[in-house]
């Protein structure tokens, strides 16, 4: 449901208390109903309301706005009397903030918008008293407003506070042309309406003369003065405001809500966007659209007006109060520039343009909305005009874009500067991370020909654990139970997969199985792992400084971690000679260590580890490296992103040892594709191969017995995962689930137990 365009919403607000805005709002609503003879609704939307409007209007025990938002039926002409309080004499209805001064004004802002939309179908005019604050509730009303009346008295302090409130509203993306001024309690001793209008730079649409005796008497009787004192100048002043608003001012203000294209600066169309469209190697001139031109001009004037620097923005990020002040000041300045450069812009488009410029000036520009969307997993920027994002496994082209490559470059520097890293012509690429842990890679000209390229791998805010893998059908319960047992009992695990397959997410999940009593040290290029255990030390690499020295690599951190008395070492990814150090750590008593490797299948993972070890610069024969791998790695978990965008565990493979010069592998679980459904989603099932891992014998020797039903594809009743060794004289249950002393003609097991086998 949308707001009815035939309804006009008038918001009344004051810069400070005591200027009479509640009395004015009530009498304006009554004058509107009398003058225009149209259904009018008065709403008390003041967060600090003590029931002032109840006294001013004379409504006793009125219906409240909170009750209206919680109305269970449909608000229409037949049910409206059950929602609002109705005046007996004129066509005016009322919704109070509270029933009595002892109540507190509470409201569900999520339901407020729908309630206003429904009310707009019944009333021609809605007058809302907002008080003198612009909180969340008031901003909901202002979003719907057609005009905002700023009430002030002719005192200097009141005008100053009104200027401050006006700037705050404009900073909150309310178009300046929608704000008009009403001078209340006007007299010969105070400032003239003309001086007030010039000071506030707003049109004065009403002057209400001072008449304290009449106003006080009407308040005592709880009757609006436009009814009780119809022939007085103060009543005539309210009627005059209604006539001015209905005579064209309100209609012009409503036009700001209607679609209206930005005016294009003709002189800009011939300008060469040398620093806006990237490096155009053919020298062609690309025309700039009106919206982009407005943003470029605003950026240029904003820098001149406020002298914004990335260093100042970085400092503000560390101080919440300073950041809030800077954001408000910048928003206010942008609003003024936009109103000056493109007057009469549609309110919604103006709000969007200001927000985009603000995000580019202080935040991450068009990336802010994508980063806020939890469904977006990756963002890829190819120059300022092309922003791609991955959502639900699919790559999409975003409609939003950066204003120029200069703005994109500023955003990149804003990301890397707080981390003590740099990106320039000397070091034109960098790895970094955002505050939430999202991984960032950026590369700029001259290496990136068409402008800066930025890639952000978003960090999941919610924990992706066993339940999520089962929910998304990324693994079977038997596979997750098996890996839990392996991790708890200190097997060394290597997670293998391609780019974006979910290796780090799976590593984070498997790390949660590590007992809390063990000391864990994580080593990463960009810290992403979020271990829940208490005894965890997180280490992160460091690039070289401007002199090319001071770099700390994964290898350095692994070597150092060996001196930190770790029980387990978890390496985010092995992509160089650090693989040799990782294998050495696994072979020197740090059982249960984990890492990830880029490869497409378990057999290729072995070859990849061999190649990485050779990059360590140590003269070891290939056979010696294979022996290291065979003795260090117990399990290889293969994960992949399939063609439909889903991620699944394709294989869990045991590394059994060496057979000649070959590392022998045995697959324990696998995923078998069966085809596609009507939505082109891959159909398949997880299967156990029926082969029992060799290390099960080691577990049993320690008194840990694994249910053999884990390795069967038959559906079994739930059983305890780990059982104690049976006592003497008690026969063990065969691996196939066959009962002891079975008859000779009993069904034979489908798969015999194998202790060795190649892949």
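Throughout, read-outs are computed from the coordinates displayed, never taken from laboratory work. Worth saying up front: this structure is predicted, and the values here are computed from it rather than measured. No Cβ is skipped: glycine too gets one built from the backbone with ideal geometry, and neighbour counts run over all protein chains shown.
A P(r) calculated from all alpha carbon pairs of the range 556-608, with 5 Å bins opening at zero, reads 4, 19, 32, 24, 13, 6, 2 percent. The gain in end-to-end length when the residue 426 to residue 198 segment is fully stretched comes to 76.7 nm, 0.36 nm per residue minus the alpha carbon separation. Under the simplified labelling scheme, the residue 388-residue 373 pair shows an inter-label distance of 1.5 nm, with each label point 7 Å from Cα along Cα→Cβ.
Against the longest principal axis of the chain, how steep is helix 320-341, in degrees 0 to 90 to the nearest 10, with axes from Cα atoms? Tilt relative to the chain: about 60 degrees. The Rg/Rh ratio for the range 323-466, using Cα coordinates for both the radius of gyration and the Kirkwood hydrodynamic radius, is 0.99. Our helix-only sum for the chain, with -39,500 (n - 2.57) per DSSP H run of n ≥ 4 divided by its residues, gives a mean residue ellipticity at 222 nm of -10000 deg cm²/dmol.
Over every pair of different alpha-carbon atoms in the range 8-257, take the mean of 1/r and invert it; report that Kirkwood radius in Å. Show your work: numbers first, answer last.
On the way: mean 1/r = 0.0557 Å⁻¹.
It works out to 17.9 Å.
Would you kindly calculate the mean projected area, averaged across all directions, of the convex hull enclosing the Cα atoms of the chain, in square nanometres?
Numbers: hull surface 184.0 nm².
Mean projected area of the Cα convex hull: 46.0 nm².
Give the residues of the range 453-486 whose amide nitrogen is closer than 14 Å to a point set 7 Å from the Cα of residue 714 in the direction of its Cβ. Of the residues in the range 453-486, none has backbone N under 14 Å from the label point off residue 714. Compute the separation of the alpha-carbon centres of the range 57-90 and the range 367-437 and state it in Å as a whole number. First find each Cα centre; the distance between them is then 50 Å.
Please give the FRET efficiency for residue 556 paired with residue 4, using the beta carbon to beta carbon distance and R0 = 60 Å, rounded to the nearest 0.05. Each step should come with its number before you reach the end.
On the way: r = 67 Å, r/R0 = 1.12.
It comes to 0.35.
Gyration tensor analysis over the Cα atoms of the range 466-693 returns equivalent ellipsoid semi-axes of 29, 20, 18 Å (largest first, whole Å). Against the chain, whose longest principal axis is taken from its Cα atoms, helix 156-171 shows a tilt of about 40°. Of all DSSP beta bridges confined to the chain, the antiparallel ones make up roughly 50%. One equal scatterer on each Cα of the range 15-160, no solvent, Debye formula: the resulting log10 I(q)/I(0) at q = 0.08, 0.17 Å⁻¹ is -0.20, -0.95.
Counting alpha carbon pairs within less than 8 Å and at least 6 residues apart, what relative contact order, in whole percent, applies to the chain?
Numbers: 1386 pairs, mean separation 57.5, N = 759.
Averaging sequence separation for qualifying contacts and normalising by length gives 8 percent for the chain.
Nearest 10 degrees is fine. How inclined is helix 233-244 to the longest principal axis of the chain, computing both from alpha carbons? The two axes meet at around 60 degrees. What relative contact order, as a whole-number percentage, does the range 8-257 give when Cα pairs under 8 Å and 6 or more residues apart are counted? RCO, the range 8-257: 28 percent. Remark: 643, 253, 619 ranked as 619, 643, 253, counting other beta-carbon atoms within 10 Å and listing the fewest first.
A full extension of the chain between residue 255 and residue 325 corresponds to an added length of 22.0 nm, given 0.36 nm per residue minus the alpha carbon distance.
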